[in-house]
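One structure follows; several queries about it will come next.
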Amino acid sequence: MTTLNSKVPKGPLKDKWTTYKDKIDLVNPANKRNIDVIVVGTGLAGGSAAATLAELGYNVKAYCYQDSPRRAHSIAAQGGINASKNYMGDGDSDYRLFYDTVKGGDYRSREANVYRLAEVSGNIIDQCVAQGVPFARDYGGLLDNRSFGGVLVSRTFYAKGQTGQQLLLGAYSAMNRQIARGKIEMYNRHEMLDVVIVDGKARGIIVRNLITGEIERHSAHAVVIATGGYGNVYFLSTNAMGSNATAAWKIHKKGAYFANPCFTQIHPTCIPRSGDYQSKLTLMSESLRNDGRIWVPKNMDDVMAIRERKLKPVDIAEENRDYFLERRYPAFGNLVPRDVASRAAKERCDAGYGVNKTGEAVYLDFAAAFQRYGKEQAKIHGISNATNEKIIELGESIIKEKYGNLFQMYEKIIDENPYKTPMMIYPATHYTMGGVWVDYNLMTTVNGLYCIGEANFSDHGANRLGASALMQGLADGYFVLPYTIGDYLSDDIRTGKIPTNTPEFDEAEKEVKDRIDFFMNNKGSKSVDYFHKKLGKVMWDKVGMGRNEEGLKDAMAEIKEIREEFWKEVKVPGDKNEMNLELEKAGRVADFLELGELFAKDALDRNESCGGHFREESVELDGEQKGEAKRNDKDYAYVSAWEYKGKPGDAVLHKEQLEFKDIELKQRSYK
Ligand SMILES: Cc1cc2nc3c(=O)[nH]c(=O)nc-3n(C[C@H](O)[C@H](O)[C@H](O)COP(=O)(O)OP(=O)(O)OC[C@H]3O[C@@H](n4cnc5c(N)ncnc54)[C@H](O)[C@@H]3O)c2cc1C
């Protein structure tokens, strides 16, 4: 059995990373040329890692299932990326970013990792600006910042509502330079289907060429998994349709522990579901909560009239609106963290105040911002006695500049003009804080097997603050892994090429081929999506925003049943030696069906409410915090790291006890 050792360096928090870097073993430039590294996934985490490792001199082989790294799910990131630059002079610092992140994650993350993240956050911005990423700038040409949930400063750098796309272009250009030099071999349209372990070390992967169907063996001295999150276990989520857990799950089955699988983020501002035939949900960025106010009507008569379309939201007078976040959380208002905002919206909708047909929607309203910005603009432009129409027009132009593409996206999907009527929003699955367990070096419990970006569990605890995922992915790829992996690879300078004609590769390849053959030969009658939707419904109803013991036990049993039916009844059309999207999906859903059960098991084990994990049994019963989530530090201040034992339900729990030496464990209050 592997022993959990977080390998956090000794010494004061502020010196750990610097001292560590001073002491680790290095690989000299000539030796780097003899070392191969596999990077699976070329989103922001994998793309930045691949580019940096190649720039350092390693031979990199990189893989993605899309036709280009440009299409990784990272491209969808809208709102921004955090860094403690304190450009706004509003009191930000590394410590404050660290503090906000640990508190925002409800004290379920590792202090040393989060402090390091804060320390390197500023470097990310410098790196990306040097690459030409067009971050928003203020009137004087300096980089602009806005605020995101759960913090009292403005530290979010952004490029309109397309920050992920611009950052990905930066990482992609850095990769392309290395592809052109021959230092990165890029395998587009290749899906990793297993890892190969030789003498306890990760030494290669088995991939399927998604165009020809060919199964290939690739070897290296170390393997890095950067394959993103597993939010699509819910079927409906804001993730890209292809986002999946396969690589993470395969390495879990080969010895990598899976940490905190139940820590999922349900994002408060998504376009509500419109019906049963939908396969994707759309995010409206959290940045909108800088200027948008969230409300539902105070009176049930108004709710009914709105649902029956007898009344428009703009007709409801101010005094008849319940700005429930501002009411409940005056200190943070509309910018409370996502878990808090989502639960508050659900509470209002469960109480019957939802404003659409299904009763699952609240308003996000910009009318006050139009007025505020409009009056300011009228002053700036010397327009005295501006009419209300003129003020609104001026205000709208500022909002358009800040979030124009998001407003356009909303209008295209809902067919309503959000400048004229408030947006409707509802929480949806968005991000997974859980993932593969890694130590301080970002190494999993398998030697030489690393995991970075959303695929690992690392820095966000039980709830991720907005704009922190891009920060973590790029910190891992540009600034952390390139150091820590060198320490490991320094032992491999004399190893030579890793052969692929060995029994370990034979065995892994056979497993992959057998599974594909099973899918092609199974004469089932039901589509892959049939099972995925069924799984998603169980996950949302019983392992979603509210969880309880009975529901979680039912969920485990039901997921097992769906899985058994899947293996009997799944039907995969087409051929294995061609591009076959149903075959790809079948493999991914098979893995979700196992991960889902472990997810529910983890949620059942954690009988406390923390961050996005809300156990209905664990709620504050009185005092100022009445009705809020109740954490239990005495019994649950640990990372759950699950070891695979043949079936997801039999997984064995290992606990990494979390120590808080530089931050006081407190009840999280945003009031
Ligand atoms: C709509 C939306 C908006 C967001 N906005 C923000 C934001 O404003 N700020 C913020 O900080 N975060 C945001 N996030 C979160 C953030 O975008 C993601 O957490 C982050 O981009 C994940 O990056 P990644 O590199 O870890 O994974 P991804 O970008 O998902 O990349 C995964 C890569 O792995 C590859 N891959 C996967 N499986 C395999 C396999 N088996 N074999 C080969 N390749 C594989 C894929 O091809 C891809 O290249 C947002 C998320 C969503 C859904």
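The values are calculated or read from the model by the stated rules, or taken from the named source; none is laboratory data. Since we're looking at a predicted model, the values are computed, not measured. Cβ coordinates were reconstructed from backbone atoms using ideal geometry, including for glycine residues, and neighbour counts include every protein chain displayed.
Would you check if there is a residue in the stretch 276-292 being modelled with pLDDT of 95 or more and of a type in the set (G, A, S)?
Yes, that holds for at least one residue.
While we're here: What number goes with the only condition from (1) within 15 Å of the ligand (Cβ to nearest atom); (2) farther than 15 Å from R110 by Cα that G448 does not pass?
That leaves (1) as the condition not met.
Further question: Among the residues in the stretch 47-70, are any at pLDDT 95 or above, buried (at least 24 other Cβ atoms within 10 Å of the Cβ), touching a Cys at 6+ places or on another chain (Cβ under 8 Å) and of a type outside the set (D, E)?
Looking through the stretch 47-70, none of the residues is at pLDDT 95 or above, buried (at least 24 other Cβ atoms within 10 Å of the Cβ), touching a Cys at 6+ places or on another chain (Cβ under 8 Å) and of a type outside the set (D, E).
Shifting gears a bit: Just a yes or no: is a residue in the stretch 3-24 under 26 Å from T246 (Cβ atoms) and either of a type in the set (S, T, N, Q) or at pLDDT below 95 (or both)?
Residues of the stretch 3-24 that are under 26 Å from T246 (Cβ atoms), as a first pass: 4.
So of that shortlist, the ones also either of a type in the set (S, T, N, Q) or at pLDDT below 95 (or both) come out as 4.
Scanning the stretch 3-24, I find at least one residue that is under 26 Å from T246 (Cβ atoms) and either of a type in the set (S, T, N, Q) or at pLDDT below 95 (or both), so the answer is yes.
Which members of the stretch 497-519 meet the condition of being more than 34 Å from the chain's Cα centre (by Cα) and charged (D, E, K, R)?
K497, D506
Sticking with this structure for a sec: It is to be established whether one or more residues within the stretch 481-497 are within 16 Å of the ligand (Cβ to nearest atom) and not small (G, A, S).
Yes, the conditions are met somewhere in the stretch 481-497.
Further question: Answer yes or no as to whether N405 is in a loop (DSSP other than H, G, I, E, B) and at pLDDT below 95.
When the stated conditions are applied, N405 does not pass them.
Look through the stretch 169-199, keep the residues that are of a type in the set (D, E, K, R) and more than 13 Å from the ligand (Cβ to nearest atom), and return whichever of them is surrounded by the fewest Cβ atoms within 10 Å (Cβ to Cβ).
Filtering first and then ranking leaves D199.
For the stretch 1-98, give me every one of the helices (runs of 4 or more DSSP H) that falls completely inside it and has 2 or more residues that are of a type in the set (G, A, S), within 21 Å of N441 (Cα to Cα) and within 11 Å of the ligand (Cβ to nearest atom).
44-56
Please specify each residue of the stretch 589-623 satisfying the condition of being surrounded by 19 or more Cβ atoms within 10 Å (Cβ to Cβ) and either closer than 20 Å to K346 by Cα or without any contact (Cβ under 8 Å) to a residue 12 or more places away in the chain (or both).
Scanning the stretch 589-623 gives A603, E608, S609, C610, G611, G612, H613, F614, R615, S618.
Under 7 Å between Cβ atoms, which residue pairs at least 6 apart in sequence (or on different chains) link something in the stretch 403-414 that is free of Cβ contacts under 8 Å to residues at least 12 places away in the same chain with a partner that is surrounded by fewer than 19 Cβ atoms within 10 Å (Cβ to Cβ) and not small (G, A, S)?
Partner pairs satisfying both residue conditions: E411/N417.
Could you check how many residues of the stretch 283-324 are surrounded by fewer than 17 Cβ atoms within 10 Å (Cβ to Cβ) and within 16 Å of the ligand (Cβ to nearest atom)?
0
Filter the stretch 273-282 for residues that are touching a residue at least 60 places away in the same chain (Cβ under 8 Å) and either part of a helix (DSSP H, G or I) or within 13 Å of the ligand (Cβ to nearest atom) (or both); which is surrounded by the most Cβ atoms within 10 Å (Cβ to Cβ)?
Among those that are touching a residue at least 60 places away in the same chain (Cβ under 8 Å) and either part of a helix (DSSP H, G or I) or within 13 Å of the ligand (Cβ to nearest atom) (or both), it is L281.
Residue by residue, here is whether (1) closer than 28 Å to M409 by Cβ; (2) aliphatic (A, V, I, L, M) holds:
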| residue | (1), (2) |
| --- | --- |
| H73 | yes, no |
| D90 | no, no |
| Y95 | no, no |
| G105 | no, no |
| R110 | no, no |
| Y115 | no, no |
| E119 | no, no |
| I125 | yes, yes |
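Of the residues in the stretch 516-532, how many are exposed (fewer than 15 other Cβ atoms within 10 Å of the Cβ) and part of a helix (DSSP H, G or I)? Steps first, please.
Kept after step one, since they are exposed (fewer than 15 other Cβ atoms within 10 Å of the Cβ), are these residues of the stretch 516-532: 517-518, 521, 523, 525-526, 529.
Pick out the ones that are also part of a helix (DSSP H, G or I) and you get 517-518, 521, 529.
Matching residues across the stretch 516-532 total 4.
A further question on this structure: Taking the stretch 192-235, which residues are closer than 27 Å to M471 by Cα and of a type in the set (S, T, N, Q)?
Once the filter is applied, which keeps residues that are closer than 27 Å to M471 by Cα and of a type in the set (S, T, N, Q), the stretch 192-235 yields T227, N232.
What pairs come out if I take residues in the stretch 226-249 that are closer than 23 Å to G204 by Cβ and pair them with residues that are β-branched (V, I, T) and in a loop (DSSP other than H, G, I, E, B) whose C-beta lies under 7 Å away, six or more apart or interchain?
That search, which allows pairs on different chains as well, returns A226/I452; A247/T227; A248/T227.
Using the structure shown, decide if N385 is modelled with pLDDT of 95 or more, surrounded by fewer than 16 Cβ atoms within 10 Å (Cβ to Cβ) and in a loop (DSSP other than H, G, I, E, B). It would help to see each step written out before you state the result.
Numbers: modelled with pLDDT of 95 or more: no; surrounded by fewer than 16 Cβ atoms within 10 Å (Cβ to Cβ): yes; in a loop (DSSP other than H, G, I, E, B): yes.
The answer is no for N385.
Starting from the stretch 464-477, keep only residues that are within 6 Å of the ligand (Cβ to nearest atom), then list their pairs with residues that are charged (D, E, K, R) and in a helix (DSSP H, G or I) whose Cβ atoms are within a distance under 8 Å, requiring at least 6 positions of separation or different chains.
Cβ pairs passing all conditions: A467/E286; A469/E454; G473/E454.
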